[in-house]
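Novice: This structure is in structure tokens; I'll ask about it shortly.
The values are calculated or read from the model by the stated rules, or taken from the named source; none is laboratory data. What you see is a predicted model; the values in this text were computed from it and never measured. Every residue, glycine among them, receives a Cβ derived from its backbone with ideal geometry; neighbour counts consider all protein chains shown. With ligands, DNA and RNA removed, areas are computed over all heavy atoms of the protein, side chains included. Shrake-Rupley method; radii C 1.70, N 1.55, O 1.52, S 1.80 Å.
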Amino acid sequence: MNKHLWLIGYRGSGKSSVARRLAQRLDCSSIDTDDLIEQIAGRSIAEIFAESGEPVFRDFESQAVVQAAEMPTQVIASGGGAILREEN
């Protein structure tokens, strides 16, 4: 099982910046689940919300959480709402 350091917090609170700095200090990589969401969806988060709404975004977010958890050990900056779903 891979071990990760998950950062959670309100949007815009600096999770992504802190994840990059922590990863450097811990000599590992970092990832932002928002980046994974955009890769999975093939469009920006703003486009997802505008075209499909929040429920679809949250589905993509759940996929991104699973994908990040399956990666090698890293620091993960999760989206501010990732904790809204128990499975995440």
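Novice: Compute the accessible area per residue over the range 1-44, keeping the other protein chains in place, probe 1.4 Å, unit Å².
Specialist: 75
Novice: Might you report the magnitude of the Cβ-based charge dipole of the chain about its Cα centre, with Lys and Arg at +1 and Asp and Glu at -1, to the nearest 20 debye?
Specialist: So the magnitude is around 480 debye.
Novice: Using a 1.4 Å probe on the protein chains only, how many percent of the accessible area of the chain belongs to carbon and sulfur?
Specialist: With neighbouring chains kept in place, the figure for the chain is 52 percent.
Novice: Determine which residues of the range 1-33 fall in the zone a paramagnetic label at residue 45 would reach in this model, i.e. backbone nitrogen under 18 Å from the point 7 Å along Cα→Cβ.
Specialist: 6-21, 30-33
Novice: Can you compute the label reach from residue 27? Point 7 Å from Cα along the Cβ direction, backbone N cut-off under 20 Å, restricted to the range 48-88.
Specialist: Under cut-off, by backbone N: 72-76.
Novice: Placing +1 at every Lys and Arg Cβ and -1 at every Asp and Glu Cβ, with all other atoms neutral, what dipole size does the range 33-72 have around its Cα centre, in debye to the nearest 20?
Specialist: Rounded to the nearest 20 debye, it is 60 debye.
Novice: Sticking with this one: In nm, to one decimal, how far is the modelled label at residue 85 from the one at residue 18, with both set 7 Å along Cα→Cβ?
Specialist: Going from the residue 85 label point to the residue 18 one covers 2.3 nm.
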